[in-house]
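Down below is the structure, laid out as structure tokens.
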Amino acid sequence: MNYKIKYLPYLLIALFCIFNSGCNLLTDPGSTNAADLIGVWELYKQTGALQDVCPNEILKLSSDGVAKLQCPNQTEIIRNYTAVNGVLTYTQTGVSFDFYVVTKASTPTLELYGKNVSRNLFYNKISSVPTGKGSGSGGFSTNSSENINQ
């Protein structure tokens with residue numbers, strides 16, 4: 001009897017993986033191809049010790065290494081960036097993130113995990129910049145390219 005109970009969780013996980021494609025996420029963290037970064041992204045979640053980025057930040061990454069970041073109702077700022085070997089680095093500030101582009105339910109998401117800053121950022125890819133520049137809460141006006149560690 002103990003033998004069956006001991007292996008029941010493994011059996012349930014195996015059955016879940018057979019009937020659900022979600023197990024791909026366990027083995028495939030996403031793309032680290034720099035070309036997959038290109039586009040317009042909207043921040044939907046942040047984690048880590050430093051959660052200071054303005055909610056709903058818009059991040060536009062172009063193939064020429066230029067990033068445009070805009071907090072809701074704020075002026076857009078421009079930063080240069082590099083994306084090499086799965087690491088996105090803002091060259092002016094030195095802030096760097098491990099990046100993964102993952103497609104969940106047919107929506108591409110960008111996951112940024114801070115390397116030298118204590119923040120992790122999660123963006124949804126959007127087709128265009130919202131016309132009203134969005135509305136943020138929390139009173140933050142810091143964008144994700146800033147090097148503010150506490």
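The values are calculated or read from the model by the stated rules, or taken from the named source; none is laboratory data. Given the structure is predicted, the values throughout are model-derived calculations rather than measurements. Don't worry about glycine lacking a Cβ; one is built from the backbone with ideal geometry, like all the others, and counts go over all protein chains shown. What goes into the accessible areas is simple: the full protein's heavy atoms, side chains included, and nothing from ligands, DNA or RNA. Shrake-Rupley method; radii C 1.70, N 1.55, O 1.52, S 1.80 Å.
Tabulated data
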read-out: Of all residues making up the stretch 95-126, the number that are in a strand (DSSP E or B), aliphatic (A, V, I, L, M) and within 15 Å of Ala83 (Cβ to Cβ); value: 4
read-out: Members of the stretch 82-96 that are of a type in the set (Val, Ile, Thr) and open to solvent by less than 10 Å² (accessible area, probe 1.4 Å); value: Val95
read-out: In the stretch 57-81, the residues that are surrounded by 13 or more Cβ atoms within 10 Å (Cβ to Cβ) and not in a loop (DSSP other than H, G, I, E, B); value: Ile58, Leu59, Lys60, Leu61, Ala67, Lys68, Leu69, Gln70, Ile77, Arg79, Asn80, Tyr81
read-out: Selection count, the stretch 82-93, where residues are among the small types (Gly, Ala, Ser) and in a loop (DSSP other than H, G, I, E, B); value: 1
read-out: Scan of the stretch 56-88 for residues that are free of Cβ contacts under 8 Å to residues at least 60 places away in the same chain and closer than 16 Å to Lys125 by Cα, ordered by number; value: Leu61, Ser62, Ser63, Lys68
read-out: Sole exception among (1) surrounded by fewer than 20 Cβ atoms within 10 Å (Cβ to Cβ); (2) closer than 15 Å to Leu61 by Cβ for Leu110, by number; value: (1)
read-out: Residue selected from the stretch 14-56 under the condition outside any strand (DSSP E or B), more than 19 Å from Thr103 (Cα to Cα) and polar (S, T, N, Q), by the criterion modelled with the lowest pLDDT; value: Gln51
